[in-house]
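Undergrad: Mind having a look at this structure? Questions to follow.
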Amino acid sequence: MTDFSQQETAPGSVSILVCISCRAKDNANDRPGPAFSDLLRKRLTERHLAIPVEEIECFAVCKRPITVAFAARNKWTYLLGDLDADRHIDELIDAAFRYGASDNGLVPWKERPECFKKGVLSRTPPLSSL
Ligand code: FES
């Protein structure tokens, strides 16, 4: 975990979108997204980081729970999967901070936490570049 407590992300530079509909791989009756979203908000508060978290119904990558996206105006959108609340919350926050600090959403590989290296399912260019 990186200590970003002396810094703040600019509002609007990154939003974290969490799918709350995915079913757990090992238990179809379990939907881990809402608890992940709650824990993410709690850790962001504890770390004094102003990054908005939004809950989404489905990203259409339902076999890769937990799925999350980083999005912001005029930035690439990243979709990440295979996230686990016990292992990835702080890594994901670190990754979101890096994304938020970038000009266009593209974060150099060497600056990415592990979940932002292994978990990327897609990236989509900003509409302004089309
Ligand atoms: S239900 Fe989560 S991506 Fe489809």
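Undergrad: Once the Cα atoms of helix 85-101 and of the chain are each reduced to a long axis, what angle between those two axes, in degrees from 0 to 90 to the nearest 10, is obtained?
TA: Long axis of 85-101 versus the principal axis of the chain: about 30 degrees.
Undergrad: Given the DSSP H assignment, sum -39500 (n - 2.57) over each helix run of at least 4 residues in the chain and divide by its residue total; what's the result at 222 nm in deg cm²/dmol, nearest 500?
TA: So the calculated ellipticity at 222 nm is -8500 deg cm²/dmol.
Undergrad: Next question. Assuming R0 = 22 Å, what is the FRET efficiency of Arg73 and Ala35, from their Cβ-Cβ distance, to the nearest 0.05?
TA: Efficiency for this residue pair is about 0.15.
Undergrad: Follow-up question, since we're still on this one. Could you give the angle, 0 to 90 degrees to the nearest 10, between helix 33-46's Cα long axis and the longest principal axis of the Cα atoms of the chain?
TA: Orientation of helix 33-46: about 40 degrees from the principal axis.
Undergrad: Find the Cα radius of gyration of segment 15-129, compare it with 2.2 N^0.38 Å by division, and give the number to two decimals.
TA: Segment 15-129 yields a ratio of 1.00.
Undergrad: Another one. Take the Cβ-Cβ distance between Lys63 and Ala101 as r, set R0 to 41 Å, and report the resulting FRET efficiency rounded to the nearest 0.05.
TA: 0.85
Laboratory data are not the source of any read-out in this text; all were calculated from the coordinates shown. Quick caveat: nothing in here was measured; it's all calculated off a predicted structure. So basically every Cβ, Gly included, is an ideal-geometry build from the backbone, and we count neighbours across all protein chains shown.
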